[in-house]
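Trainee: Take a look at this one; I'll ask things after.
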Amino acid sequence: MQETEYTIFELFRNNPHAEFSTTEIVERITPGYDKVHQDLLSTDSERLDAAKRRKAKLHRINLYYLNKLVRKGVLTIKSVGRNKERIFAALQDPKELSPAYRMLAQLHPIGITPALGIEGFEEKGIVARYEPTTWVERVNSILLESTYFKTLKDLISTANNTLTSVNDAIALNDFEQVIQKNDPQTVLTALKALSKQADSHARHVSIIIDITNIEQHDAVLRVIKGAIAEELRNLTFIYDVQVKEFQDHKDFFKELVKIYSGAGQSLFIKNQTVHQAPYLIGRTGPYTFDERDWKLYRNEYQGTMPGLVCGTATFLIDIERLFSNTKEHQTGAVIELMGKIAKSLLLTNAEQRERSEHFLQGLIQLSPDHAQNYFMFSRNYVRFWNYGWKTPAYDQAFVIAYLSESKKAVDEYCLSEETIYKSCGMPTRFRIAYSCTDQGSATKLFSPANYRRVTIHSPTDFFSNDEINTTISTKEDIFKQFDGGDRITFDRPLPKKSEDVVNEISYILNTFRLPFFRYHFTNQSEIPLTRYL
Amino acid sequence: MIKTKNAMDAWKECLNLILDEGKDYKDENNRVCRELLNIVVEIENPAEDVAAPIHTLNRFHKWDYPPLDRIAHIILDKKLAPEYAYSYGPRLFNFQNTFNQVDEFVIPLLKENPDSRRAILNFWDVSKDSKTIKRDIPSLIMLDCKLRDNKLNVTGIIRSNDVFFGWPANMYQIHVLQQYIASKVGCKTGSITTISTSAHIFRDQFPYIETILRMKREQVI
């Protein structure tokens, strides 16, 4: 609901039996309308004309929202007054439980969320809500199925609209099929337009390329090369590859390495053999779906829905700060905090779902039969910052243990709540996933990053450097705890031969159970210590 | 068959019976589930303490049970809330977006023919629910209303009943609806009977169930 629309709605909620003309509504809800009123009485013709124009504009804007509220069944046109001005009143009929009654009775003011019980932790900088201003007005991330849309234009149009439904990221799944069906230049132009739109909304777009479906390497490479050259930095291509098919596409990856290392950009690889569900990247970190959910979705729903919600609401936690406030029983402190967070998310989700009719309107209109299904596989996120991985002060086994124990408690709570709500005839999805926090989201909120980097100089590093292997091995365990997605970044000085990097990637894919990793190419000999991994 | 005067005693007896005589199996979420088939529970006077089981659950402060007015609202509100895959109210008051089973059928029927055996309310929508892929489907599938001795007796059939978490809400909702119909028909509320074709509890609930079974009546009312 837009701000003006909501303000009008509030006016009628506070005066449920009142009738207002358009002029009265404009006067009551426009801040500083007195100035316009004064200018309308002015003898200075310039001021008078400006005031008349301003008044007319305000009437037009308000009429737009008034008519919208009439269409929604919230207001009614009670009569037509002097100068053919319409008189509006709230349409209320509690007995009939009309849409207006439901809204009047249930909708809460924008931006005001219920007391969550974690405010004290927020004050101490231990916990933060991601995008608190749109906390219940948006979801975090949505995956769109490129192949659902008949034309590129339809896909991009929906993607543009969906940017307003999220507060972090969207993804276009199986985008290689779109590239292969269209002229690469047209696709590139469309991506540029989408990037521009994403930029204005400060959102991120993941373009998922399933290597299995690539038949036209040149067309795909042309689009990627163009996007990298255009520096569409809020668009990230994610290459989803199965281990066994990597060799067949080796030349394609060589070209990719050339493109990305040449531009000094990051190459994101997803290992489909380890994790089948797609990964997407937001400004706050990675997102993915639960593997069992994804299997069900693929078997039963894929192809029938334009997309689905991935992340609903996110809490960020600075574990270093939590532990600095809790010297003993640190695992207990995490479990206790997670209990409060889980309760907060339960409240938040209820508010969020109530509003979903509005902010998911575009997707619902595309496929009304699935109106109740968009949240079917969604999860809330708890993202950890400075959680102890590769921090010398922490025993790595302790890190795994506190993550695992607190996750078990959270999962039990979620399952209980789903059961309770389902039993009450209110079946709703309520899950919480763990993941990492991107440095960009954490910098302003939390303690400074204390991770060490993993730098790969050549393929032999994997054989000769025990520290790298130990680090990756721990990361494999953390991936198991971070069921909402995780990533590991390998800093890579610019290679002399792109084949070296391809061999390294092949080794990683074949050897480690890392679902998602990033090769970050840099020509700097010194990589900042704060590099997030 | 369990027959008691009030809801709390019925709940405790039912939990105890499943705990003692149920058979264990693992469900699709890999949880150990203890189940008894076809448990019939009759409560003579549900109005006495119908919310007591819910209050008892809330005493543990471990879960967040929806507030009573919300639970009641769900069975009386004819509009499907966007946050739920289905809900009971629309199934009763706006079945398949066309028919109000309560106000247009059961209430007039009982007014015209108080002895009727046809006052059935159906939650199960074959066109929506009888699909192999569908996971979110009603548990409470049918209510039968019998007006005898100027008292409205209601029987509910629950196909899958988590007796620990679910039955208290089911009982409360049936009672709310019973009150609504009784007030429109102009009669008193009578007994409520639930027939749970799968009555079950989960292993992780056992410690709480044992605590509840040890509670004395005055501790929970």
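The values are calculated or read from the model by the stated rules, or taken from the named source; none is laboratory data. Just so it is clear, the structure is predicted and the values come from calculations on it, not from any experiment. Ideal geometry is used to build each Cβ from the backbone, glycine not excepted, and the neighbour counts take in all protein chains shown. Ligands, DNA and RNA are stripped out before the accessible areas are found, and what is left, the full protein with its side chains, is counted by its heavy atoms. Shrake-Rupley method; radii C 1.70, N 1.55, O 1.52, S 1.80 Å.
Trainee: Under 30 Å from A:Lys124 (Cβ atoms) and open to solvent by less than 50 Å² (accessible area, probe 1.4 Å), is that true of A:Thr284?
Mentor: Values: under 30 Å from A:Lys124 (Cβ atoms): yes; open to solvent by less than 50 Å² (accessible area, probe 1.4 Å): yes.
Yes; evaluated as a whole, the condition is true for this residue.
Trainee: Can you find a residue that is surrounded by 24 or more Cβ atoms within 10 Å (Cβ to Cβ) and not in a helix (DSSP H, G or I) anywhere in segment A:344-351?
Mentor: no
Trainee: Looking only at residues in segment B:114-137 that are surrounded by fewer than 19 Cβ atoms within 10 Å (Cβ to Cβ) and touching a Pro at 6+ places or on another chain (Cβ under 9 Å), which one is nearest to B:Ile195 (Cα to Cα)?
Mentor: The qualifying residue nearest to B:Ile195 (Cα to Cα) is B:Trp124.
Trainee: Next up: Any residue at all in segment B:138-151 that's within 9 Å of chain A (Cβ to nearest Cβ), surrounded by 16 or more Cβ atoms within 10 Å (Cβ to Cβ) and either free of Cβ contacts under 8 Å to residues at least 24 places away in the same chain or of a type in the set (Asp, Glu) (or both)? Spell out how you get there, then give the answer.
Mentor: Of segment B:138-151, the ones within 9 Å of chain A (Cβ to nearest Cβ) are B:138-140.
Add one more test, that the residue is surrounded by 16 or more Cβ atoms within 10 Å (Cβ to Cβ), and what stays is B:138-140.
Narrowing the set further to residues that are either free of Cβ contacts under 8 Å to residues at least 24 places away in the same chain or of a type in the set (Asp, Glu) (or both) leaves none.
Checked segment B:138-151: no residue is within 9 Å of chain A (Cβ to nearest Cβ), surrounded by 16 or more Cβ atoms within 10 Å (Cβ to Cβ) and either free of Cβ contacts under 8 Å to residues at least 24 places away in the same chain or of a type in the set (Asp, Glu) (or both).
Trainee: Does A:Thr284 satisfy being within 23 Å of A:Arg431 (Cα to Cα), part of a loop (DSSP other than H, G, I, E, B) and not basic (Lys, Arg)?
Mentor: On the way: within 23 Å of A:Arg431 (Cα to Cα): yes; part of a loop (DSSP other than H, G, I, E, B): yes; not basic (Lys, Arg): yes.
So A:Thr284 passes the test.
Trainee: Scan segment A:488-515 and report the pairs whose first residue is in a helix (DSSP H, G or I) and whose second residue is modelled with pLDDT under 90 and of a type in the set (Gly, Ala, Ser), with Cβ atoms within less than 7 Å and a gap of 6+ or a chain change.
Mentor: A:Asp500/A:Ser458
Trainee: Next question, about the same structure. Can you find, within segment A:423-444, the residue that is surrounded by the most Cβ atoms within 10 Å (Cβ to Cβ) among those that are in a helix (DSSP H, G or I) and more than 7 Å from chain B (Cβ to nearest Cβ)?
Mentor: First, pick out the residues of segment A:423-444 that are in a helix (DSSP H, G or I): A:423, A:439-442.
When the remaining residues are screened for being more than 7 Å from chain B (Cβ to nearest Cβ), the result is A:439-442.
Working: A:Gln439: 17, A:Gly440: 12, A:Ser441: 21, A:Ala442: 23.
Among them, the one singled out is A:Ala442.
Trainee: Something else now. Which of the residues that make up segment A:469-500 are farther than 15 Å from A:Thr455 by Cα and open to solvent by 30 Å² or more (accessible area, probe 1.4 Å)?
Mentor: A:Ser473, A:Glu476, A:Asp477, A:Lys480, A:Gln481, A:Asp483, A:Lys496, A:Lys497, A:Glu499
Trainee: Could I ask something else about it? Counting only residues that are in contact (Cβ under 8 Å) with a residue 60 or more places away in the chain and open to solvent by less than 60 Å² (accessible area, probe 1.4 Å), how many does segment B:104-113 have? Full working, then the answer.
Mentor: Within segment B:104-113, the first condition is being in contact (Cβ under 8 Å) with a residue 60 or more places away in the chain, and the residues that meet it are B:106-107, B:110-111.
From what's left, open to solvent by less than 60 Å² (accessible area, probe 1.4 Å): B:106-107, B:110.
The total comes to 3.
Trainee: Ok, one more. Out of the residues in segment B:28-59 that are exposed (fewer than 12 other Cβ atoms within 10 Å of the Cβ) and on the phi < 0 side of the Ramachandran plot, which is farthest from the other protein chains (Cβ to nearest Cβ)? Lay out the reasoning, then the answer.
Mentor: Filtering segment B:28-59 down to residues exposed (fewer than 12 other Cβ atoms within 10 Å of the Cβ) leaves B:28, B:30, B:37-38.
Those left that are additionally on the phi < 0 side of the Ramachandran plot: B:28, B:37.
Details: B:Glu28: 9, B:Leu37: 18 Å.
Once the filter is applied, the top-ranked residue is B:Leu37.
Trainee: While we're on this one: What are the residue pairs meeting all of these: first residue in segment A:459-487, first residue free of Cβ contacts under 8 Å to residues at least 40 places away in the same chain, second residue among the small types (Gly, Ala, Ser), Cβ atoms under 9 Å, and 6 or more apart or on different chains?
Mentor: A:Phe479/A:Gly485; A:Lys480/A:Ser404
Trainee: When you look at A:Glu412, is it free of Cβ contacts under 8 Å to residues at least 12 places away in the same chain and either facing chain B (nearest Cβ under 10 Å) or open to solvent by 30 Å² or more (accessible area, probe 1.4 Å) (or both), yes or no? Spell out the reasoning first.
Mentor: Working: free of Cβ contacts under 8 Å to residues at least 12 places away in the same chain: yes; either facing chain B (nearest Cβ under 10 Å) or open to solvent by 30 Å² or more (accessible area, probe 1.4 Å) (or both): yes.
It is true that A:Glu412 is free of Cβ contacts under 8 Å to residues at least 12 places away in the same chain and either facing chain B (nearest Cβ under 10 Å) or open to solvent by 30 Å² or more (accessible area, probe 1.4 Å) (or both).
Trainee: Tell me, please, whether a residue that is in a loop (DSSP other than H, G, I, E, B), out of contact with any helix residue (DSSP H, G or I) (no Cβ under 7 Å at 6 or more places or on another chain), within 14 Å of another protein chain (Cβ to nearest Cβ) and crowded, with 23+ Cβ neighbours inside 10 Å can be found in segment A:378-386. Before the answer, list the steps.
Mentor: Start the filter on segment A:378-386 by keeping residues that are in a loop (DSSP other than H, G, I, E, B), which leaves A:378, A:386.
Next, only the ones that are out of contact with any helix residue (DSSP H, G or I) (no Cβ under 7 Å at 6 or more places or on another chain) stay: A:378.
Restricting the remaining residues to those that are within 14 Å of another protein chain (Cβ to nearest Cβ) gives A:378.
Checking the rest, the ones that are also crowded, with 23+ Cβ neighbours inside 10 Å come to A:378.
Yes, that holds for at least one residue.
Trainee: Where residues in segment A:259-281 are of a type outside the set (Gly, Ala, Ser) and without any contact (Cβ under 8 Å) to a residue 60 or more places away in the chain, which of them is least open to solvent (accessible area, probe 1.4 Å)? Quick ask: steps written out before the conclusion?
Mentor: The initial filter retains those residues of segment A:259-281 that are of a type outside the set (Gly, Ala, Ser), namely A:259-260, A:265, A:267-276, A:278-281.
Applying the additional criterion that residues be without any contact (Cβ under 8 Å) to a residue 60 or more places away in the chain yields A:259, A:276.
Numbers: A:Ile259: 24, A:Gln276: 89 Å².
Looking at residues that are of a type outside the set (Gly, Ala, Ser) and without any contact (Cβ under 8 Å) to a residue 60 or more places away in the chain, I get A:Ile259.
Trainee: Can you work out which of the residues in segment B:173-204 that are in contact with a Ser or Thr (Cβ under 7 Å, 6 or more places away or on another chain) and farther than 17 Å from B:Ser139 by Cα is farthest from the other protein chains (Cβ to nearest Cβ)? Spell out how you get there, then give the answer.
Mentor: Step one: list which residues in segment B:173-204 are in contact with a Ser or Thr (Cβ under 7 Å, 6 or more places away or on another chain), which gives B:178-179, B:182, B:193, B:195, B:198.
Still in the list and also farther than 17 Å from B:Ser139 by Cα: B:178-179, B:182.
Numbers: B:Gln178: 16, B:Gln179: 17, B:Ala182: 18 Å.
For segment B:173-204, the residue satisfying everything is B:Ala182.
Trainee: Further question on the same structure: If only one of A:Ser146, A:Ser165 is open to solvent by less than 20 Å² (accessible area, probe 1.4 Å), closer than 30 Å to A:Lys343 by Cβ and among the small types (Gly, Ala, Ser), which one is it?
Mentor: So the residue among A:Ser146, A:Ser165 that is open to solvent by less than 20 Å² (accessible area, probe 1.4 Å), closer than 30 Å to A:Lys343 by Cβ and among the small types (Gly, Ala, Ser) is A:Ser165.
Trainee: Looking at (1) open to solvent by 10 Å² or more (accessible area, probe 1.4 Å); (2) at pLDDT 90 or above, which is the only condition B:Pro82 fails?
Mentor: Answer for B:Pro82: the failing condition is (2).
Trainee: Now a separate question. What's the number of the condition A:Ala18 fails, among (1) crowded, with 17+ Cβ neighbours inside 10 Å; (2) touching a residue at least 24 places away in the same chain (Cβ under 8 Å)?
Mentor: (1)
Trainee: Still on this structure, please answer the following. For segment A:334-377, which positions are among the β-branched types (Val, Ile, Thr) and either more than 11 Å from chain B (Cβ to nearest Cβ) or touching a residue at least 40 places away in the same chain (Cβ under 8 Å) (or both)? Give the derivation first.
Mentor: Pass one, segment A:334-377, residues among the β-branched types (Val, Ile, Thr): A:334-335, A:341, A:348, A:364.
A:Val334, A:Ile335, A:Ile341, A:Thr348 - these are the residues of segment A:334-377 that are among the β-branched types (Val, Ile, Thr) and either more than 11 Å from chain B (Cβ to nearest Cβ) or touching a residue at least 40 places away in the same chain (Cβ under 8 Å) (or both).
Trainee: Mind listing whichever residues of segment B:167-191 are closer than 14 Å to B:Ile39 by Cβ and either among the β-branched types (Val, Ile, Thr) or surrounded by fewer than 24 Cβ atoms within 10 Å (Cβ to Cβ) (or both)?
Mentor: Correct list: empty.
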